[in-house]
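One structure is given here, and the rest of the page talks about it.
The values are calculated or read from the model by the stated rules, or taken from the named source; none is laboratory data. Model, not experiment: these values are computed from the prediction. No Cβ is skipped: glycine too gets one built from the backbone with ideal geometry, and neighbour counts run over all protein chains shown. SASA here: full protein model, heavy atoms, side chains in, ligands and nucleic acids out. Shrake-Rupley method; radii C 1.70, N 1.55, O 1.52, S 1.80 Å.
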Amino acid sequence: MSEKKIGPGRPPKSKPAERVMCIWCTEMKETLMFILPTQHGKREFCSAACLAGFRAAYSKGACATCDNVLRGAPIRLEMATQSKEFCSTECLAKFQNREQQRSTGSAPLMPPNLVSSTNSENHVETLAKKNAVKFPSGPPRVSPEGSHDFSQNWETYMEECVAQPAPVHYFRQHINPPPNEFKPGMKLEAIDPRNTTSTCIATVIGSLGPRLKLRLDGSDNSNDFWRLVDSDEISYIGNCKEKGGMLQPPLGFRKNASFWPVFLHKTLNGAEMASKKCFKPSPPPPKGNYFRVGMKLEAVDLKNPHLICVATIGEIKGESIHVTFDGWRGAFDYWTSFDCRDIFPVGW
């Protein structure tokens, strides 16, 4: 029997080529065949279509700081002789910092979203402070360093950003947050946020400061929502009837609609009702929209409504303001009315 020859074996695998990202479609490719020179360096693309798309967008305007294409609503800064547009509040802060340095000859300030290693050990301690707030939570892959916890107080942060806070009287909020006397399990009346013509029974699930987490009875936890204790969208049990109205089942009521009267009776029978003193009067709305682009504020992250986050006024249109979250490029931004109850003064 002949001996089987053993070959030299499988050759080692070659190291895979490093992949690079197309600046327009963001897909990872082994090679990028198209290049466009710009004032801030070259831009590389995987196809002629991506190059053409970028060039068309670039011709309409680019960020005054990083020269990136402006996608979505840009942040505008009105100056004496011209206006500048930016892709993020971070770039706006860098521009203002640079301009201040030119005019005063002072040293550049540390970018607001960077936290030095010497400060990292104090994160837990500073979060316990009254003025500690958070950036919006989101995919870790796009989180700027230090974005999960806002570890600096507002005064220091605004000095670094060279920014001004929006004055207290610009907001529809009391100067001091009202006390929260609600307890979990209490029943109250609330307007259904998904059907604002209906007043429903709600239960207090939790609270954070002057805010309540509510769940409509007959609904599930996927539709929980938050309200301030001085919101005009909540009231004591019986208020709807006193005004000639009738309590309605929430949108998506899990039982047959004909079962609602029986369900309502069982829900309220023996339940703890929130007393009238728990409900605080709503503050009057401001007389007009006095916000200006670049002003700092605190705002509810609508995608994570338990968070109140660091924000900046990005744009203004009539009675609407564009709320942009510091450290992000549009993923969490939203338009809202100037008298919205989800925005707050700095330090509120």
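A few points about this structure:
- Yes/no for Lys94 being modelled with pLDDT of 75 or more, open to solvent by 50 Å² or more (accessible area, probe 1.4 Å) and in a helix (DSSP H, G or I): yes
- Neighbours by Cβ (under 7 Å, 6+ apart or cross-chain): first from the range 280-304, under 16 Å from Asp230 (Cβ atoms); second open to solvent by less than 40 Å² (accessible area, probe 1.4 Å) and of a type in the set (Ser, Thr, Tyr): Ser282/Ser231; Pro286/Tyr170
- Listed by position, the strands (runs of 3 or more DSSP E) contained in the range 226-332 that have at least 3 residues being open to solvent by less than 20 Å² (accessible area, probe 1.4 Å) and either of a type in the set (Gly, Ala, Ser) or out of contact with any Lys or Arg (no Cβ under 8 Å at 6 or more places or on another chain) (or both) are 296-300, 320-325.
- Applying the criterion of at least 3 residues that are open to solvent by less than 60 Å² (accessible area, probe 1.4 Å) and either free of Cβ contacts under 8 Å to residues at least 12 places away in the same chain or farther than 20 Å from Ile343 by Cβ (or both) to the strands (runs of 3 or more DSSP E) found wholly in the range 147-217 leaves 187-192, 195-208.
- Scanning the range 203-219 for residues that are aliphatic (A, V, I, L, M) and out of contact with any His (no Cβ under 8 Å at 6 or more places or on another chain) gives Val204, Ile205, Leu212, Leu214, Leu216.
- Scan of the range 283-312 for residues that are polar (S, T, N, Q) and over 27 Å from Ser219 (Cα atoms), ordered by number: Asn289, Thr312
- Screening the range 163-215 for residues that are among the hydrophobic types (A, V, I, L, M, F, W, C) and in contact with a Gly (Cβ under 8 Å, 6 or more places away or on another chain) and picking the one that is farthest from His265 (Cα to Cα) gives Ala163.
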